[in-house]
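Okay, so here's the structure we're looking at.
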Amino acid sequence: MQRELDELVINLKGIGEKTAKLFEKCGVRTCNDLIGYYPRAYDKFKECVKACDLRESEINSVKLTIIGSVTKRRVRNLSILAFEAADETGKIKIAYFNAPYLANTIKPGTTHIFRGVVRKKGNFFTMDQPKMYDQSQYAALMGKMQPRYPLVKGLTNNAVLKAQEQVFKNLGAFEDFVPEDILKRLKLVGLRDAYVGIHFPKNEEELENARRRLAYNEFLLFVLKLRLLKSTSEELSNSFPMIEVAQTKRLIEQLPYSLTNAQLSAWKDIQNDLSGEHVMNRLIQGDVGSGKTILALLALLCCASNGYQGALMAPTEVLASQHFESFKEIITKYDLHTLKPVLLTGALSAKDKKEAQRKIAEGEVNCIIGTNALIQEKVNYKNLALVITDEQHRFGVRQRESLAGKGMNTHVLAMSATPIPRTLAIILYGDLHISIINELPGGRLPIKNCVVGTSYRPTAYKFIKDQVESGRQAYIICPMIEEGEIDGVENVTDYTKMLKETLPPDIQIEMLHGRMKPAEKDAIMEAFARKDIDILVSTTVIEVGINVPNATVMMIENSERFGLSQLHQLRGRVGRGKYQSYCIFINTSEGDEAKERLSIMNKSNDGFKIAEEDLKQRGPGDLFGVRQSGELNFRVGDIYHDADLVKEAAMDADRILNADPDLSSPQYRVLKDNLTTKSANFVDFATL
C-alpha cells in the first residue's frame with residue numbers, strides 16, 4: 001500500500017509534466033498527497049425553483065424559456081450575450097460574457113435549466129454566467145454531490161477529479177492506526193471509507209461520517225504529539241533563574257494607565273515561573289486589545305535586567321516592525337536603556353541582517369524582535385533565556401521548539417488573542433500552563449456592531465466614504481480571492497474592482513489575499529499602516545499581523561459563512577485607537593439560524609463569551625462555510641464543531657500512552673509511523 005501511495009502523480013494516466021507542475025503548486029506530488037487534497041466545497045444539485053421563489057445571493061436552479069430577442073454587443077474586449085427568460089411566475093435577466101459558443105443554443109422560445117447565483121438589480125433578478133443544462137442532463141445530476149477542489153490557474157476541477165478516481169481505483173485496503181475498539185465506541189468509519197467519503201460522498205450523511213473520522217485522526221495525532229513533547233520537557237530545571245527587578249516595578253508605576261487585575265495576575269504567574277525551579281512553559285490567552293504586549297515587554301525587561309537575552313517572534317514582518325518601534329518609543333520615554341532591542345526579519349538587507357546577527361551572537365543586544373528569521377541556522381544567541389511567541393497559534397509546537405532550541409532549557413511564553421474555551425485550551429495547548437486575561441483596559445470605546453442584509457450595502461459604502469473623508473480607514477472582508485471558488489460568496493478581486501468604480505477616485509482602495517507573495521503582502525499592510533491606503537479589501541489574511549489604530553470600520557461580507565470566533569478576531573482589527581469604531585456584518589442568508597448566530601456578535605464584544613457560544617452553536621454543515629484560519633492548522637477538524645472529538649481524542653491519547661508510553665508494541669507501529677513522519681493526510685506537525 002505504501003508503495004502505491006508514494007507513486008508520483010505524473011505517472012497517472014492523463015497527467016503530463018505541465019499538469020504535474022500545477023499539482024505541485026497545490027502541494028501535491030504523490031498519490032498520498034492527492035488523497036489528502038480534500039475538496040473545499042461540494043456542489044449539490046437540488047430541485048428547480050420557480051422564478052417567484054428565487055433567493056438573492058444564493059445558487060438557484062430554475063427552468064426558464066427564453067423570451068424576446070437575444071442581444072449581442074461588444075464592450076472593449078468583452079462580448080456580451082443578453083436576454084430575458086421566464087416561467088409562468090416571473091422573469092429574469094441573464095447575461096453571458098465571451099461565450100460565442102452559446103450563440104446557436106440560446107434562441108427565443110427554447111427552454112433550459114439555468115443554474116447560478118441570483119442578484120437583484122433594481123426590480124429585476126439577474127444571473128450572470130449561469131451553467132445551462134437540458135432537462136435530461138440536470139436530472140442525471142440531481143441529488144449528487146460534486147466535489148469542488150481548491151485550484152491554481154490552469155488546473156481544472158475535472159483534472160483533479162479524474163486523478164482522484166484513478167488513485168482510488170488502484171488502491172487496496174489502508175492500514176488503520178486507530179484501534180478497532182475506539183472506532184466502535186465512537187462509531188467512526190474505517191480509513192478507506194473516510195477517504196472515499198470525503199472525495200466522493202453519495203450524500204451529506206456519508207460526507208459528515210468521513211469528515212468526522214478524518215478530524216478524529218488529526219486530533220488524536222496532535223494530542224499524542226503534545227503529550228510526548230510535554231513528557232520530555234515538563235521537568236526541565238530552570239537554568240536561568242531570574243529575580244524580581246526594580247525596573248519592571250518602576251515601569252508599571254510610571255505607565256499612564258493602571259494594569260488590570262487580570263494583567264497583574266498574569267504578570268505574577270510569569271514572575272513566579274521565571275524565578276521557579278522549572279523552565280517556564282506558559283500561554284497568555286487574552287482577548288483582542290486586552291494588553292498582552294505590555295506583559296511581553298515586562299518579561300523581556302526582567303530578562304535583560306538579569307543579564308540574559310530574550311526574543312519575541314511575531315507572525316508577520318509588519319507586526320514585528322510595529323513591536324520594535326513601539327518598544328523603542330517606550331525605552332526612550334521611560335529611560336529603560338537596560339533593554340537593547342534589535343529587529344531581525346527577512347526584509348532586512350544582507351548587510352543589516354549580518355550586522356544584527358553579529359550583535360546577537362556577541363551579546364551586544366538583549367531584546368531580539370523578529371519573525372521566522374529568528375530561528376534560521378545562521379542566528380546564534382549568546383545567552384538566550386526567554387522566547388516569546390506572539391499569536392501563538394500561528395507558530396505552534398514545532399516553531400516554539402526551534403526557537404527555544406537556540407538556548408539551553410529556555411523559558412517559553414506564548415501569547416494568543418484567540419479566545420478558546422478553557423476546557424479546549426487545556427487540551428490544545430497541553431504543553432503549556434495557561435493564564436487568562438479576561439478584562440479590557442479602561443478607556444476603550446466599545447465597538448458598535450450591526451447585522452444587516454445585502455440591501456444595506458449602499459448605505460454602508462456611504463458610511464465608509466464619510467469615515468475616510470474624516471481621515472479614518474476601513475477594512476472590507478470577502479471570503480474568497482476570485483470568482484468561482486465557492487458560488488454565492490463575495491471575492492476580493494471583483495469586489496475591489498466594483499468598489500473602485502462605486503466610490504470617488506480620490507479614495508485609495510487596494511486588495512490583499514493569501515496567494516500574494518509575502519513581500520507583496522507586507523508592502524500592502526505597511527502602506528495601510530502608513531495611511532497610504534484608505535480601504536483594504538482582504539480575505540481573512542488580516543486576522544492577525546497588523547495594528548492600525550486609525551482603522552475604524554470593519555465590514556464583513558457573507559458573515560454567516562464564518563465561525564463566531566473568527567468574526568470576533570476580524571472585528572478585533574478595529575477599535576484599537578481613540579476613535580469610535582464600527583463593525584458591519586453583511587448577512588446574505590435569509591435563514592433564521594444565521595440571523596440568530598449573528599445576533600450574538602451584535603450583542604457582545606466579549607471574545608470568551610463568543611467562543612463559548614461558538615462551541616454551542618456549531619452544527620453539521622459548517623464544512624461548507626469558510627474554514628477557520630486562526631484555530632491551529634487542522635485540515636478538516638474544527639475545534640468548535642468537533643469539541644466532543646477533541647475531548648475523546650485527548651482521553652484516548654492518555655489511555656494509549658498509559659498502556660504503552662513509547663508506542664513500541666506492534667499494535668501501535670502504524671500510529672508511531674504517522675507521528676514521526678509528515679503526512680499530507682493528517683495535521684502538519686511542521687507548522688503546529
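When Ile464, Ile507, Ile533 are checked against the criterion of being part of a helix (DSSP H, G or I), among the β-branched types (Val, Ile, Thr), over 27 Å from Arg40 (Cα atoms) and open to solvent by less than 20 Å² (accessible area, probe 1.4 Å), a single residue qualifies: Ile464. For the range 98-109, name all the residues that are modelled with pLDDT of 90 or more and over 12 Å from Met132 (Cα atoms). Within the range 98-109, Lys107, Pro108, Gly109 meet the criteria. Within the option set Gly563, Gly575, being in contact with a helix residue (DSSP H, G or I) (Cβ under 8 Å, 6 or more places away or on another chain), of a type in the set (Gly, Ala, Ser) and farther than 21 Å from Pro458 by Cβ holds for one residue only, Gly563. Here is the figure for the range 208-247: residues that are at pLDDT 85 or above, acidic (Asp, Glu) and loosely packed, with under 15 Cβ neighbours inside 10 Å total 1. Residues that are among the aromatic types (Phe, Trp, Tyr) and under 35 Å from the mean Cα position of the chain (by Cα) were ranked within the range 66-97; the one that is farthest from Tyr133 (Cα to Cα) is Phe97.
Of the residues making up the range 122-138, those that are outside any strand (DSSP E or B) and not charged (D, E, K, R) are Gly122, Asn123, Gln129, Pro130, Gln135, Ser136, Gln137, Tyr138. Of all residues in the range 139-153, those being part of a loop (DSSP other than H, G, I, E, B), open to solvent by 40 Å² or more (accessible area, probe 1.4 Å) and closer than 29 Å to His112 by Cβ number 4.
Every residue in the range 547-566 that is under 21 Å from Ser290 (Cβ atoms) and either open to solvent by 10 Å² or more (accessible area, probe 1.4 Å) or not in a helix (DSSP H, G or I) (or both), please. Residues satisfying the conditions are Asn547, Val548, Pro549, Asn550, Ala551, Thr552, Met554, Gly563.
If the condition is being at pLDDT below 90 and open to solvent by 60 Å² or more (accessible area, probe 1.4 Å), then the range 346-396 contributes Ala347, Asn372, Gln376, Glu377, Lys378, Arg394. Note on the range 154-187: among residues that are free of Cβ contacts under 8 Å to residues at least 12 places away in the same chain and assigned to a loop (DSSP other than H, G, I, E, B), the one that is nearest to Phe200 (Cα to Cα) is Thr156. Taking the condition of being over 19 Å from Ala296 (Cβ atoms) and either assigned to a loop (DSSP other than H, G, I, E, B) or not polar (S, T, N, Q) (or both), how many residues in the range 237-252 meet it? Adding up the residues that qualify gives 5. Contact map, the range 585-608: residues that are modelled with pLDDT under 80 paired with residues that are open to solvent by 10 Å² or more (accessible area, probe 1.4 Å) and outside any strand (DSSP E or B), Cβ distance under 6 Å, separation 6+ or inter-chain. Pairs shown: Phe608/Asn438.
Are any residues in the range 416-435 in contact with a Ser or Thr (Cβ under 9 Å, 6 or more places away or on another chain) and either open to solvent by 10 Å² or more (accessible area, probe 1.4 Å) or without any contact (Cβ under 8 Å) to a residue 60 or more places away in the chain (or both), and if so, which ones? Across the range 416-435, the qualifying residue is only Asp431. Within the range 439-459, the presence of a residue that is within 22 Å of the chain's Cα centre (by Cα), among the basic types (Lys, Arg) and outside any loop (DSSP other than H, G, I, E, B) is excluded. Taking the residues in the range 46-65 that are closer than 16 Å to Gln129 by Cβ and either in contact with a helix residue (DSSP H, G or I) (Cβ under 7 Å, 6 or more places away or on another chain) or not in a loop (DSSP other than H, G, I, E, B) (or both) as candidates, determine which candidate is modelled with the lowest pLDDT. Per the stated criteria, the residue is Ser57. Tallying residues that are open to solvent by 40 Å² or more (accessible area, probe 1.4 Å) and within 30 Å of Pro458 (Cα to Cα) within the range 93-124 yields 9.
Please verify whether the range 159-173 includes one or more residues that are more than 30 Å from Asp644 (Cα to Cα) and β-branched (Val, Ile, Thr). For the range 159-173, residues more than 30 Å from Asp644 (Cα to Cα) and β-branched (Val, Ile, Thr): present.
The values are calculated or read from the model by the stated rules, or taken from the named source; none is laboratory data. Quick caveat: nothing in here was measured; it's all calculated off a predicted structure. Methodologically, a virtual Cβ is constructed for each residue, glycine included, from the backbone with ideal geometry; neighbour enumeration extends over all protein chains shown. For the accessible areas, the whole protein counts, side chains as well, though only heavy atoms, and no ligand, DNA or RNA atoms are used. Shrake-Rupley method; radii C 1.70, N 1.55, O 1.52, S 1.80 Å.
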